[in-house]
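What follows is calculated from the coordinates using simple rules that are stated; it is not laboratory data. Note that the coordinates shown come from a computational prediction; the quantities given were computed from them, not determined experimentally. Counting neighbours? That spans all protein chains shown, and the Cβs are built from the backbone with ideal geometry, glycine included.
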Amino acid sequence: MVSMDPQVWIAAFLTLAATSYAFRDNKVFKFAENTFIGVAAGHQIVMGVRNIRDYGWSHLMQGEMIYIVVFLLGILLYARYSKEYYWLYRYPIAFLVGNGVGISIRAGIHSDFTLQIAQTASSPLIASDAMGSINNIITFVGVITALSHFIFTYEGMHKDTLGWGPKIGRWMILLALGASFGNTVMTRFGMYQGRVIFLLREWLQIIA
């Protein structure tokens, strides 16, 4: 028996409308796309107003005058709509970009560089089981050979006897990129699988 819940019908229609793009671009898909963009924009505005209230205005009302600077920078963002005061718009943008880049660099170096080196260096080649030892050896060889692939200061690194290292490293990099791409595709299929199960279980009620 098909569900009689109007919310389920709306969700099912939008799911099918979004899926219709797989065949060709059409008006039904554009309707779903515009609906999604509109809802997302509205939700973002509401959350923005709530964040201003909870994380800005409430602190200002408690006497934390430093938040005046935050509100001032936020107001200056609207100076971009004025030809005369457009230059003031650059200050909050510079602050946002600088702050974002600083946080991203710190987090990136810590998670993608420092922790990776520490984990690789702290893993023993011989683990408690055979499969663990194989994994550790492959990781060690992959790290060393992949790094050797980017050594260009010594010309002999990519020739003769030492040339096998960068070649193996290149294959390791390609395997890593392929695995990353495959993981991305599987994640997307997993998300869509959830929508298919929703259609069969909640909408059509074919499966339990």
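One table, with the values for the structure above:
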| quantity | calculated |
| --- | --- |
| Average silhouette area of the chain, convex hull of alpha-carbon atoms, in square nanometres | 23.8 nm² |
| Efficiency of FRET from Cβ geometry, Gln193 and Asn135, R₀ 45 Å, rounded to 0.05 | 0.95 |
| Length-normalised contact order for region 60-200 - Cα pairs under 8 Å, 6+ apart - percent | 11 percent |
| Full-stretch length increase - Gln205, Trp164 - with 0.36 nm per residue and alpha-carbon distance subtracted | 9.0 nm |
| Ascending count of other beta-carbon atoms within 10 Å, so fewest first, for Arg201, Arg50 | Arg50, Arg201 |
| FRET efficiency estimate (nearest 0.05) - Cβ-Cβ, Leu72 to Val97, R0 22 angstrom | 0.80 |
| Nitroxide proxy distance, nm - points 7 Å out along Cα→Cβ at Ser58 and Ile45 | 2.4 nm |
| Ranking of Thr139, Thr187 by count of other Cβ atoms within 10 Å, fewest first | Thr187, Thr139 |
| Residue range of the chain that is longest and free of GluC sites (Glu not before Pro) which are both DSSP loop and sparsely packed (at most 14 other C-beta within 10 Å) | 85-208 |
| Trypsin sites (Lys or Arg not before Pro) restricted to region 142-180 and DSSP loop, no more than 16 other C-beta within 10 Å | Lys159 |
